[in-house]
1. Can you give me the number of residues within segment 481-500 that are open to solvent by less than 50 Å² (accessible area, probe 1.4 Å), without any contact (Cβ under 8 Å) to a residue 60 or more places away in the chain and more than 10 Å from Y526 (Cα to Cα)?
2. If you check S640, S636, S585, S606, which single one turns out to be of a type in the set (G, A, S) and loosely packed, with under 13 Cβ neighbours inside 10 Å?
3. With (1) open to solvent by 40 Å² or more (accessible area, probe 1.4 Å); (2) part of a helix (DSSP H, G or I); (3) modelled with pLDDT under 65; (4) not aliphatic (A, V, I, L, M) as the list, and K119 as the residue in question, which single condition is left unmet?
4. Has segment 166-174 got at least one residue that is modelled with pLDDT of 65 or more and in a helix (DSSP H, G or I)?
5. Which one of these does S464 not meet: (1) surrounded by 18 or more Cβ atoms within 10 Å (Cβ to Cβ); (2) of a type in the set (S, T, Y); (3) farther than 23 Å from Q261 by Cα?
6. Hey, does segment 65-78 have a residue that's small (G, A, S), modelled with pLDDT under 75 and not in a helix (DSSP H, G or I)?
7. Report, by residue number, each residue of segment 701-748 that is at positive phi and either open to solvent by 60 Å² or more (accessible area, probe 1.4 Å) or part of a strand (DSSP E or B) (or both).
8. How many of the residues in segment 319-335 are under 36 Å from the mean Cα position of the chain (by Cα) and open to solvent by less than 50 Å² (accessible area, probe 1.4 Å)?
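The values are calculated or read from the model by the stated rules, or taken from the named source; none is laboratory data. No experiment lies behind these values; they were computed from the predicted model shown. Counting neighbours? That spans all protein chains shown, and the Cβs are built from the backbone with ideal geometry, glycine included. Surface areas here come from the heavy atoms of the whole protein model, side chains and all, with no ligands, DNA or RNA. Shrake-Rupley method; radii C 1.70, N 1.55, O 1.52, S 1.80 Å.
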Amino acid sequence: MLSSVTDLLRYIDENQLTSEFGGTLDYCHSDWIVLRTAIESFAVMVKDIAQMLQAFGTELAETQLSEECSAVEFLLLSHTEKYRRLKVQLNEALMCRESSHFSLIHYCWTLIAALGTSKFQLLAQLTDMEMAFDGFFDKHHLKLQQYLQLLRYEHSFQEVNCFSVPKIAQRHTDGSKTNSVANMLIFLTDLCVFQEEMSQAQLLILHGHQLAAGHHYAMALIIQRCNELRHQCDTLTSALNTKRKSLTQAQTLLRRLEEAQRWCDDGAYLLANQQVDKFQSKEGAQAALRDIEKFQEAAPPLLSAGVDVLFLEYESVLTPCLQAHIENTFQKHSSVQALIQSRQNCLKKLADKHVRPIQLVAPRPENPPRAKSPLFSPKHGMWQCNINFGSNYPQYFSAMSSHSLINSYFFTRFCTKCFISRQHYLSFTSVIHVMKELIETERIYVEELLAVLLGYRAEMDNPSLAPLLPTSLCNKRDVLFGNLPDIYNFHSSVFLQDLESCLESPEAVGACFLERKDHFHLYECYCQNKPRSDSLWRQFSDCPFFQECQKKLEHKLALDSYLLKPVQRLTKYQLLLKELLKYSSGCERVSELQGALEAMLDLLKSVNDSMHQIAITGYEGDLSNLGRVLMQGSFSVWISHKKGPTRVKELARFKPMQRHLFLHEHALLFCKRRDEHGENADKTPSYSFKHCLKMSAVGITENVKGDVKKFEIWYSGREEVYVIQAPTVEVKIAWLNEIRKILTNQQKQLKGLNTFPVINCYTLLFLHKFLE
């Protein structure tokens, strides 16, 4: 108990007491109420913030992590946004210490010491709470980022891991495709795909080490993946080197074999092109002998090695196809070498002694018979022997090419003794020249197709040229090039080899075309796509991508000129076949050449007809249901109706309508040709559909009075009559023949379906004419 206020100062410092108790503390009760109210409000706000932070922490702790990268990225963004909003509220709470509610603290420091403890405790609690929250979210954010990095790393690992050594070993093991240098070049180019995958694996290993260096929580798993990738890269590198070495070795072998085959072909051409007349003199024989010796000196080293040496040298890359290729090459060399040896023996005899020149005319008989002998007949001013060789002359001379009679000396004596004209021999050499042109142009054609496919089509997938390629052109490679890869595969792997096998027997080239006739329908698909390809080219012809590809290939002409090569090649075949047919008259296999020529001409006509058919517009239905297009062309057409109301416009039509007719197997289409004009107009015309006649209800009148080029097509018992005027009589006859074939086939089908007699359209036509 204290007796006075003064005694209180002995226990409590006067700085802690107000003036009422004898102290010096400046105290205002109203200020204390305001201060206490602010502290209470601040405490409530701190409590609310603590609850929000606790709820947010619970949400972060209970979040289920997805295995999709996109979901984790969205989760990372949403958590960051919530953290940002809570951080803003924390900063607002911490700014309250600058508020006017606490300005009294500065001038009443003793009151701060007495009452301000709660305030500063709350501020310290809020600051600690902020630091703990920042630390917790930083750890959570880092964990999410590392989890996302791990997901991406695992995804990349799975993509790279899908390429394995067995795939490389099994790739390009098809023996039928390893018999040409061009295919080997494609195979070597394909290996670049694995090289790119290995580069990606190396980058992935480097990225894994970077993640591990950043103290990733899954460091052990990442290091394990890096070790797996490093082992796979080492194995893949070894397999790639082995595969590349074997393909390069096989490519070298094929190049040497092709060089040897070209040498054999040149040798055959050399023997065939040596002039017979010059062999009659000693100087001419010596010159020809020197040419042959000079040619033999340039023989490839491979031919002197032998088959066994090649088998031993290339044992690691030999396939049954390559073995057969080697054997065929040496067999061909043996045949040519036998011809050369025979020619050399003959020329040496002629060069060692002077031989009296032998004239290529028959000697006059000492006692010429007065009557014509059945063995002789005068022709072209010289006597010819009617000896039967068991075959025709061209084929006989083809057989002679593999024996000693091919040399000029024996051939001259043979012609002299048997009184055979040189015309057959010259025809044979002409056939050889045409065959040489056919094979050489075929090789050039195949090389040009390969250059286009590798230099343009494959470069569209080249990442280094991607910036030069328009985006709208990226997915239109099949439109621009069509089925050009299929055409290249057919010619390089099949047809070129067939033609080369016909070099020693030119008479078999007709069968070669006939056997591959179905494969040539690839050109029909190519030509049908050609208008779309041309339109796309006109749109992007100035593209830097095509200019860069042309520069790399060193082509003088642009891509469109090379895309026209298949169409030009198709027309070239029929010209060369005509030349062969011209010099092969009398050959027993001339019918095959004639059939091959007709097949190529039919193919050209079919391609032309299909090009017009795809330009038909306005037809409601599927044109393929009408059957194959047999004929198409432009005609003048008059229409009249025998039954029903006749329109005045039709009665007054004296001027014919110009219509383009398409004769299908099951229908006849009438269309109107429309030619577009303008700078960007398509060169191919379009055809607007007008009318369709089913062939099952069609009849014809072959002759119309007044014009030999007109004929009638009547429909449904002459309810509708179409007078057709052809441009020429030949066109009219061709159309009538095709229509007649269709109607005849329909009649045969009706006879097979019906048991009662059927009156065909020709009988109806006869009755109609009789009644008239």
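1. 8
2. Details: S640 fails: loosely packed, with under 13 Cβ neighbours inside 10 Å; S636 fails: loosely packed, with under 13 Cβ neighbours inside 10 Å; S606 fails: loosely packed, with under 13 Cβ neighbours inside 10 Å.
So the residue among S640, S636, S585, S606 that is of a type in the set (G, A, S) and loosely packed, with under 13 Cβ neighbours inside 10 Å is S585.
3. (1)
4. So far as segment 166-174 goes, no, none of its residues is modelled with pLDDT of 65 or more and in a helix (DSSP H, G or I).
5. Only one criterion in (1) surrounded by 18 or more Cβ atoms within 10 Å (Cβ to Cβ); (2) of a type in the set (S, T, Y); (3) farther than 23 Å from Q261 by Cα is unmet by S464, namely (1).
6. Yes, the conditions are met somewhere in segment 65-78.
7. G706
8. Qualifying residue count for the region: 9.
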